[in-house]
Amino acid sequence: MKARKKPSKKYVSDLRTQIEYHNYRYYVLDDPEIPDAEYDRLLRELQSLEKEHPELITADSPTQRVGAKPLKEFGEIKHIIPMLSLDNAFDEQEVSDFDRRIREKLNLEEIKYTAEPKLDGLAVSLLYEDGVLTRAATRGDGMTGEDITLNARTVPSIPLRLIGKGFPNVLEVRGEVYMPKKGFDQLNERARKNQEKEFANPRNAAAGSLRQLDSKVTATRPLEIACYSIGSVEGGEIPDCHSLILNKLRDWGLRVNPEIKTISGVGGCVNYYQDMASKRDGLPYEIDGVVYKVDSIEQQNKMGFVARAPRWAIAHKFPAQEEITVIEEIDIQVGRTGALTPVARLKPVSVGGVTVSNATLHNEDEIKRKDVRVGDTVVVRRAGDVIPEVVSVVLKKRTKGLRKFKMPAKCPVCKSEVEKEEGETIIRCVAGLYCPAQRKEAIKHFSSRRAMDIEGLGDKLVEQMVDEGLINDIADLYSLKKEQISNMERMGEKSAENILQALEKSKATTLARFIYALGIREVGQATAQTLADELGALDTIQNEPEEQLLELPDIGPIVAAHIVHFFSEKHNCDVVKKLQQAGVHWEEGKTTAESDVLKGKTFVLTGTLSSMTRDEAKDRLQALGAKVTGSVSKKTSYVVAGADPGSKFTKANKLGVTVLEENDFMKQLSEWENRG
Ligand code: I6G
């Protein structure tokens, strides 16, 4: 390529300023002004100008984030002001004692605090001299840390140069470098595919990524920073309140957590703690508690320090999500689709206030990868509503003679053959509905709330009915007699009547619910709704050729093959016929919303929801008569924003469209469903 005329220094410097500004909008404010493609174009222009004229490159250029040779070892950095640690409070009493000590010492009735989420990452110190990042260090032992300057430069939200005006000549900023949950999942998924070691949690992943001798590796890791205080300052004015200092950091282009609030007294602290605890699962990053700090710097100075921690701050920790216990047994559960899932039976342990005695081991590959054995001491994790899982083995505690675990060669319930499809991790029992375990699961699914919604017919009752031979398939439910039910353990006349009534009521259903209730593999609520909406009649769905199914929205080759296979099996068609003969019915036609509570309302879903998949959310909204679309416009009624929402969220705010965050959405949804 022919070299262009050398651009002026000012032109290149303006280009850098523009790129830095857009970096700031994107990484610090989470509010990009220009599309990614436009940003890429600016960066590419700078890259090519610097390539043609290397004398124009500066150390703080956005193009210079990576590039240095790998280090042999990290240098040491002595902190100008020690990086202290925080005292912990584990309950309200300890927070109340902390507040009382401050009130007594300062002789005040109520203290103003700044409260912030405590991110689970790695504490770092960033040194800016004349606004340029010159040094970055880990906390280390608080006195001396490791020189991670090259690595810190690769973190997009760490500015290489401060923006705005009025920053001191020397400014040391402290913060937590962390890995968002989504990035962590993707990183581990990549590691699994490449058969590399996975990180146990986002904290380890952040620490491991930042402490890489090769900064090119760090550059591939999805790291972010949240700044929480300052250290050494020379030649400049700093506000006299912690909250105002954080505002200044923001103005200077540093990323500060958006959840930070100023609050008053111990009541304010406890409210903040509860609020963050309820938001925790929906946040895009892990937090292990919240931090309260006296807001006035003058008051902080009066309080001083004790040992290695300030007396004016405390971390109020959430109950642990991980605990250690012992695996007493590994059982195999057979699911609705025949999948064999290993489940660890544990010595009961309290995790975050809930007793956990079972934890999933997912599948054979996971057991092998973690080398889990009966008798091992393991780390178990229970986060939010997610099923508890075995995270890792504490190998140091392994006793001699523990044998490697082997998956059974036959179905543990019906003794039929098992198979593992090529490229799959899951082993399945091939017996289908002849296997009592699969039969039970199929009936539980059929009667569940989102399927036929048979009130009162819980999992235990279904299991008992199958074990006692009262029912063999889903259609048998409708020929149950009152005495058969009332003679069962813990059942009486009244409860038998209630079950029969619920069965009767369930007969009037919708095509979408019925299709979903059949439990066809890979056919969730969303697909069932599509089939009902697009084809309108059971007969059509049953006879639709595979290539026609593939024409329908969101139906791919695997789903289409499962649908065709299901209806090609005579016993499935017989059950469908039996159900219709028993009186199960629905209105055929192409509109199948079950209620019109949200008729005329348009929804857009963005980000990751923690309590359900987006498909499920879509399904539930459609069932209420809503339309769910992919793009935000003025006509959109609501945008539902999960963790890490994308540009749809920004657009909704710009257009003034109501945004429902996950908690509010869940509340609203159940209210709408109750009405529907
Ligand atoms: O606000 C903070 C968050 C996390 C902190 C902190 C921290 O350590 C990981 N440490 C100190 C010493 C202070 N604030 C003052």
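The values are calculated or read from the model by the stated rules, or taken from the named source; none is laboratory data. Just so you know, these numbers come straight off a predicted model, no measurement behind them. Note that we place each Cβ from the backbone using ideal geometry, even for glycine, and neighbour counts take in every protein chain shown. Only protein heavy atoms, including side chains, enter the accessible area calculation; ligands, DNA and RNA are left aside. Shrake-Rupley method; radii C 1.70, N 1.55, O 1.52, S 1.80 Å.
Things to note:
- Heavy-atom accessible area order for Asp130, Asp288, Asp99, Asp91, largest first, 1.4 Å probe: Asp130, Asp91, Asp288, Asp99
- Solvent-accessible ranking of Ser209, Ser8, Ser229, largest area first, probe 1.4 Å: Ser8, Ser229, Ser209
- Set of lysines near Lys69 by C-alpha distance (under 16 Å), chain-local residues within fewer than 8 positions excluded: Lys216
- In this entry, the stretch 486-612 is assigned a mean projected area of 11.1 nm², taken as a quarter of its C-alpha convex hull surface.
- Ordering of 612-621, 184-193, 118-127 by packing [mean C-beta count within 10 Å, highest first]: 118-127, 612-621, 184-193
- Beta bridges per DSSP, both residues in the stretch 548-676: antiparallel share near 10 percent.
- Percent breakdown of C-alpha pair distances by 10 Å bin, ordered from the shortest bin, for the stretch 1-67: 20, 52, 24, 4
- Dividing the convex hull volume of the alpha-carbon atoms in the stretch 1-117 by its residue count gives 250 Å³ per residue.
- For the stretch 230-285, the ratio of Cα radius of gyration to the globular rule of thumb 2.2 N^0.38 Å stands at 1.41.
- Dipole magnitude for the stretch 19-160: computed about the Cα centre from +1 point charges on Lys and Arg Cβ and -1 point charges on Asp and Glu Cβ, it is near 460 debye.
- Over the stretch 369-466, the pair-distance histogram of Cα-Cα distances with 5 Å bins from zero comes to 2, 10, 13, 12, 15, 18, 15, 8, 4, 1, 0 percent, rounded to whole numbers.
- Partnerless cysteines in the chain, where a partner means another cysteine C-beta under 4.7 angstrom, comprise Cys227, Cys241, Cys269, Cys573.
- Placing unit charges on the Cβ atoms only, positive for Lys and Arg and negative for Asp and Glu, gives the stretch 1-95 a dipole magnitude near 1300 debye about its Cα centre.
- Per residue accessible area in Å² of the stretch 425-521, where ligands, DNA and RNA are left out and the probe is 1.4 Å: 46
- Carbon and sulfur %, accessible surface of the stretch 1-129 computed with the full protein complex present, 1.4 Å: 50
- The share of accessible area on the stretch 432-503 that comes from carbon and sulfur is 45 percent, using a 1.4 angstrom probe.
- Aspartates and glutamates with Cα under 12 Å of Lys347, excluding same-chain neighbours fewer than 8 positions away: Glu323, Glu328, Glu329, Asp376
- For the chain, the Cβ-based charge dipole about the Cα centre amounts to some 1580 debye (Lys, Arg positive; Asp, Glu negative; other atoms uncharged).
- Per residue, the convex hull volume that the Cα atoms of the stretch 565-611 enclose (Å³): 204
- Residues in the stretch 1-65 average 63 Å² of solvent-accessible surface per residue, probe 1.4 Å, ligands and nucleic acids excluded.
- With only Cα atoms counted, the chain has Rg and Dmax values of 29.7, 94 Å.
- Hz values of 3J(HN,Hα) by residue in the stretch 459-469 - Karplus curve (6.51, -1.76, 1.60), Gly and Pro given as x: 4, 4, 5, 4, 4, 4, 4, 5, 4, 8, x
- Each principal axis of the Cα cloud of the stretch 175-293 was evaluated for its coordinate range; sorted largest first, these ranges are 51, 40, 18 Å.
- Taking the C-alpha atoms of the stretch 107-161, convex hull volume expressed per residue in Å³: 167
- Computed over the chain: relative contact order in percent, which uses C-alpha pairs under 8 Å that are six or more apart: 9
- Tilt relative to the chain, helix 614-623 - C-alpha long axis, 0 to 90 degrees, to 10: 50
- Accessible area of the stretch 106-169 divided out per residue, in Å², using a probe of 1.4 angstrom: 37
- The Cα-based radius of gyration of the stretch 521-560, divided by its Kirkwood radius, gives an Rg/Rh of 0.90.
- Within the stretch 490-564, all pairs of alpha-carbon atoms sorted by distance into 5 Å bins from zero give the percentages 3, 16, 23, 20, 9, 8, 8, 7, 4, 2, 0.
- Qualifying GluC sites (Glu not before Pro) for the stretch 406-448 [loop in DSSP, other Cβ within 10 Å: at most 10]: Glu421, Glu422
- Computed in the context of the full set of protein chains, the accessible area of the stretch 239-329 at 1.4 Å probe radius has 51% of its extent on carbon or sulfur.
- Crossing angle, helix 557-568 versus the chain [Cα axis fit, 0-90 degrees, rounded to tens]: 10
- Those lysines that a straight Cα-Cα span of less than 19 Å connects to Lys6, excepting residues fewer than 8 apart in one chain: Lys51
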